[in-house]
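Structure first, then comments.
The values are calculated or read from the model by the stated rules, or taken from the named source; none is laboratory data. The structure presented is a predicted model; accordingly, all values stated were derived computationally and were not measured. Cβ: placed from backbone, ideal geometry, glycine included. Neighbour counts: every protein chain shown. The area values use the complete protein model at the heavy-atom level, side chains included, leaving out ligands, DNA and RNA. Shrake-Rupley method; radii C 1.70, N 1.55, O 1.52, S 1.80 Å.
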Amino acid sequence: MTDIHDYLAEFDDIPGTRVYTAKRARQGYQLNQFAMSLMQAENRERFHADERVYLDAWPMSAEQKQAVLDRDYNRLLDLGGNIYFLAKVFASDGLSFVHAVSTMTGMSVEEYQAMMMDGGRSPDGVRSIGDKC
Amino acid sequence: MTDIHDYLAEFDDIPGTRVYTAKRARQGYQLNQFAMSLMQAENRERFHADERVYLDAWPMSAEQKQAVLDRDYNRLLDLGGNIYFLAKVFASDGLSFVHAVSTMTGMSVEEYQAMMMDGGRSPDGVRSIGDKC
Amino acid sequence: MARITHGIASSHIPVLGFAADHGKTQDPIFKPAFDGYRWTREWIANEGKPDVVVLVYNDHASAFDMNVIPTFAIGCAESFRVCDEGYGPRPVPSVVGHPDLAWHIAQSLILDDFDMTIFNKMDVDHGLTVPLTMMFGEDCKEWPTTVVPLAVNVVTYPPPSGNRCWLLGEAIARAVNSYEEDLNVHVWGTGGMSHQLQGPRAGLINREWDNMFLDKLVGDTQDLRHIPHIEYLRETGSEGIEMVMWLIMRGALGRETRCLHRHYHVPVSNTALGHIVLEPVDGTVPQSPTFEADGAVTTSIDQ
Amino acid sequence: MARITHGIASSHIPVLGFAADHGKTQDPIFKPAFDGYRWTREWIANEGKPDVVVLVYNDHASAFDMNVIPTFAIGCAESFRVCDEGYGPRPVPSVVGHPDLAWHIAQSLILDDFDMTIFNKMDVDHGLTVPLTMMFGEDCKEWPTTVVPLAVNVVTYPPPSGNRCWLLGEAIARAVNSYEEDLNVHVWGTGGMSHQLQGPRAGLINREWDNMFLDKLVGDTQDLRHIPHIEYLRETGSEGIEMVMWLIMRGALGRETRCLHRHYHVPVSNTALGHIVLEPVDGTVPQSPTFEADGAVTTSIDQ
Ligand SMILES: [Fe+3]
Ligand SMILES: [Fe+3]
């Protein structure tokens, strides 16, 4: 590692992965704060009673709000969400980590679970975009 | 400095001075949190309306409460208070730092201010209890 | 004098807390994970019992939101509440702190040039409570140890380097060694091993790399401290970075360790589970770079 | 490229904020204090103007209560509200941040093994707003600079060592030098000089020691970084410890400085007022101990 720019640039070379750097943290600030508000039971109730109304109280982008409504977690990651914050959304839906995570992989829950039981996804071929190693 | 025990022990050798170490911070935790509550205007009003009632809502020692009622700042320091926290008490009384600080020195405000105008208290003789230097 | 008797590393996978709280530890899907802790539970209930655990973990957007991101936080409170992570709080006891030792460690670390953030009020999440359950069992009315929580940022980049974590561990050892009361202290490193919880690459598991990491926690090699963040990410998934916290535990054990117990299992939820119990063979840590010590703070914790 | 053009040190005595807010700067008791800033106000309104100030200060039980005590906190928010310290908030503008640079510095410092706590929401007190008033005047509708607040714990012991502060300054210089946008950056160190606000020894002032300290900020001596906390306490009163924050500013200016302006006055309230404006002669700072740099992060800021 020679400087901070190299350090950060390497993170863009990992396939299918968004590293939660300052850039993402800033983009996702309101989104992640919204998600964290769901740690309180009364907020979870208000959210589920009318998601759109609840979301409109947060200064999030229209894309972020739509992606929450769609539970499109890959999109939410692209829009600055962090998985530990977003976990409050799927927890409030009563979903497990396995279930929610599987929705990002293009597999069904069953296929994803079968892959995990079989030892998980191999790192071979998904270490680097550039090297395909 | 050879170790943490030496580091902390030296602080007890300064005349008329309480260094705000962990020991004091723990002793004064509730006292200082009480003082800080006075940063909100409505709390200042409630406090001045009935100091005893306000204080009794805090799990402070009887000595700490009495010293607040007495505005005995030396005693409050002995009981774990920190001056920046206690400043919220005398600020709520409308007192300046000079006025409040002078009450700890055994001088009148006028004497204290005269000393300051004259260049302040000399460090000579008050550097160390042991050395009298 | 206080001394570090053992180090434990363990994953802190939330679903294990769920299984424990709902009587599912013997379900076929969870049984192999729990079976690997049987040795540790037996040992820690007897000769392995700590008086205090310095429990290194990370907060998962539970106590800390995006408004405050401490690199190293130390909990000096009398006790710590268990927080509601969205499913309701886990039905486990509150965590009892050890404010005397915690403040002593905090002060020592700052004098040793670690820029700690002290917390006197802090809730704790599965990162801290799941390891307590795994070691002490499902039926604790109260935890049989006091705890000094040490939370490390591994969520927002950059986390501290592996080397910084190892150095922190060494400084924790010096701090414990200079505490006058006779206490058996454990240092636990939690989180990991391979896991990625996000995106099309989710589910990544690297059994070979994880086992290399477990291998190198034992003995006198210091190779692990020099692994860059990018390697954790590429090899073990985006959440594998949590393993830097194990290096705080390893650093605290000094020059050389031996392994008492080791357990590795795939999968638990999205994750590879790893667990190891270590003891120092030669617990010597380097002298403080800031104290002009004559051995006062640098004591061998050799047994 | 961004570069550190100047360093400023200044006391941040609350009563000066009071005088400024109430039209009392020409009162005989306050006039000598304000007169010493006339040169700086003229200069900073013209050729001395910064784009961003990295403003090192301490919080005085305002934003942080006893529940959270960060050794080094950096403010990455868009803006920072002025807090009510018990007399009502000062009637001054909100402080506008520079999140791009602040996050860049925060990330760089963590990679350089400083264990920063990042704040994305933080109120600021007189420690930060009084220096802005002293430099920019009483009549600002908005502050003519953006600010990166850097709060240092000097209230609960131990604060960071003087040497740690100096090292942090050097790391800030490396961080600024690696920021790509063209920016004039100031680093300000605030607080001090001699003052003791507590107990029978209150009112202590050590004119000689304070002037020694001012002397040694200039030129290429590094003596100041080795002063232990106990010396600040004995020589300059219990609150004189705030001067360690000036060493962050000094460290950021590199190998050698020259003095553009200097001002010392006793008393202001309980305090000795000190103020100095410095510029780097040779702004070289040591290479990062963590980057394997080939000069990339270590640039001379020689002008
Ligand atoms: Fe975790
Ligand atoms: Fe101050």
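A few comments on the model shown:
- Residue ID - nearest to B:T21 (Cα to Cα), chosen from residues in the range C:77-93 that are open to solvent by 40 Å² or more (accessible area, probe 1.4 Å) and modelled with pLDDT of 95 or more: C:E78
- Matching residues, the range D:113-134, being at the interface with chain A (Cβ under 10 Å from one of its Cβ atoms) and open to solvent by 10 Å² or more (accessible area, probe 1.4 Å): D:N120, D:K121
- Residues within the range A:4-17 that are closer than 18 Å to D:W103 by Cα and open to solvent by less than 20 Å² (accessible area, probe 1.4 Å), tallied: 3
- Residues of the range D:1-50 satisfying the condition of being closer than 23 Å to D:G219 by Cα, of a type outside the set (A, V, I, L, M), away from ligand 2 (no atom under 16 Å from the Cβ) and crowded, with 17+ Cβ neighbours inside 10 Å: D:R3, D:T5, D:H6, D:G7, D:G36, D:Y37, D:T40, D:G48, D:P50
- Leading residue by the ranking (farthest from ligand 1 (Cβ to nearest atom)) among those in the range C:116-133 that are within 19 Å of the chain's Cα centre (by Cα) and assigned to a loop (DSSP other than H, G, I, E, B): C:M116
- The range A:106-126, residues that are at the interface with chain C (Cβ under 7 Å from one of its Cβ atoms), in a loop (DSSP other than H, G, I, E, B) and surrounded by fewer than 21 Cβ atoms within 10 Å (Cβ to Cβ): A:G106, A:G119, A:V126
- First in the range D:48-60 and under 8 Å from D:A151 (Cα atoms), second anywhere and more than 13 Å from ligand 2 (Cβ to nearest atom) and open to solvent by 10 Å² or more (accessible area, probe 1.4 Å), Cβ under 8 Å, 6 or more apart: none
- Selection of the range B:8-42 for residues being more than 10 Å from chain D (Cβ to nearest Cβ) and of a type in the set (S, T, N, Q) yields only B:Q27.
- Positions within the range A:18-38 being open to solvent by 20 Å² or more (accessible area, probe 1.4 Å) and either touching a Ser or Thr at 6+ places or on another chain (Cβ under 7 Å) or among the aromatic types (F, W, Y) (or both), in sequence order: A:Y29
- Some residue of the range C:53-69 being more than 30 Å from C:L167 (Cβ to Cβ) and open to solvent by 20 Å² or more (accessible area, probe 1.4 Å): no
- Residue within the range A:43-66 that is closer than 20 Å to A:M104 by Cα and open to solvent by 40 Å² or more (accessible area, probe 1.4 Å) present: yes
- Single residue of D:V266, D:V281 found to be touching a residue at least 24 places away in the same chain (Cβ under 8 Å) and more than 26 Å from B:G120 (Cβ to Cβ): D:V281
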